[in-house]
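Down below is the structure, laid out as structure tokens.
None of the figures in this text is laboratory data; all of them are computed from the coordinates on show. Being a predicted model, the structure only gives us computed values, none of them experimental. Glycine also receives a Cβ, built like all others from the backbone with ideal geometry; neighbour counts cover every protein chain displayed.
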Amino acid sequence: MAEDLSIITGSKEEQYEGLMPQIKGLLHGEQDFVANMANVAAALKEQFGWLWVGFYLVKNGELVLGPFQGPVACTRIRKGRGVCGTSWAEARTLIVPDVEQFPGHIACSSLSRSEIVVPLMRNGEVIGVLDADSADLDTFDAADQAYLEQIVALVVEGSAI
Ligand code: SME
């Protein structure tokens, strides 16, 4: 496994296309769920420079903070609360172009302006979410959704959970 991430320049799609094989390389041969989430959060943060990116995991009926990169964050989120808890409740990806327009958004950081939350699915159930926050409005779109859904699927499939 390469120890350094190669940062890709170009369009968003080109950046993800360059990142995907590197993420596969990071996950290859490693089944530890926490280790894999940690490296994926680091790779996404390094490549895209988002304000915050990381995982929350379903534990005893709530989302609990997992591996992440960025400022300190809320540790627990209830089902149906905020963007993360809504993504969990609805078992679907949510793209929020302006967090101030999302009723119930949980502001872990006042600097966050837009957000995407992607559920981690295993055997048809949500076991956690990947959350990415940007300091800019309208950062995330269908391309982020498509690639991030692939990335979380690789993490779930490649880890012993
Ligand atoms: N904004 C999220 C909470 C998590 S933090 O942004 C890291 C939400 O509304 O669920």
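Taking GluC sites (Glu not before Pro) as exposed when DSSP calls them loop (any state but H, G, I, E, B) and at most 14 other Cβ atoms lie within 10 Å, what is the longest stretch of the chain free of them, the sites themselves excluded? Walk me through the numbers before you get to the answer.
Working: sites that count: Glu3, Glu30.
Result for the longest clean stretch: 31-161.
Tell me what the chain gives for mean residue ellipticity at 222 nm when only DSSP H runs of n ≥ 4 count, each as -39,500 (n - 2.57), the sum divided by the residue total, rounded to 500 deg cm²/dmol.
On the way: 4 runs with 57 residues, N = 161.
Result for the chain, helices only: -11500 deg cm²/dmol.
If I model a spin label at Ala142 and Ala91 as a point 7 Å from the Cα along the Cα→Cβ vector, what separation in nanometres do I get?
Modelled inter-label distance: 2.4 nm.
Please give every one of the lysines within straight-line cross-link reach of Lys12, meaning a C-alpha to C-alpha distance under 28 Å, and leave out same-chain neighbours fewer than 8 residues apart.
Lys24, Lys45
For the range 22-100, build the convex hull from the C-alpha positions and give me its volume per residue in Å³.
Working: hull volume 9.1 nm³, N = 79.
That works out to 115 Å³ per residue.
Hull surface divided by four, with the convex hull built on the Cα atoms of the chain: how many nm²?
So the mean shadow area of the Cα hull is 8.6 nm².
From the phi of every residue in the range 10-21, what ³J(HN,Hα) in whole Hz does the Karplus formula 6.51 cos²θ - 1.76 cosθ + 1.60 yield, where θ is phi - 60° and glycine or proline is x?
Residue by residue, the range 10-21 yields x, 5, 4, 5, 5, 5, 5, 4, x, 7, 4, x Hz.
Could you check the spin-label model distance between Lys59 and Ser110? Points 7 Å from the Cα along Cα→Cβ, value in nm.
2.9 nm
So if each residue of separation counts as 0.36 nm, and I subtract the Cα-Cα distance between Glu17 and Glu46, what length gain in nm does that give?
Full extension of this stretch gives 9.0 nm more.
Excluding residues on the same chain fewer than 8 positions from Lys79, give the lysines whose Cα lies under 16 Å from its Cα.
Filter leaves Lys59.
Relative contact order of the chain: what whole-number percent is it, with Cα pairs under 8 angstrom and at least 6 residues apart?
After rounding, I find 23 percent.
Using modelled amide H (1.01 Å from N, peptide plane; none on Pro or chain starts), what sits under 5 Å from the amide H of Arg81, excluding residues fewer than 5 places away?
Amide H neighbours of Arg81, under 5 Å, 5+ apart: Thr86.
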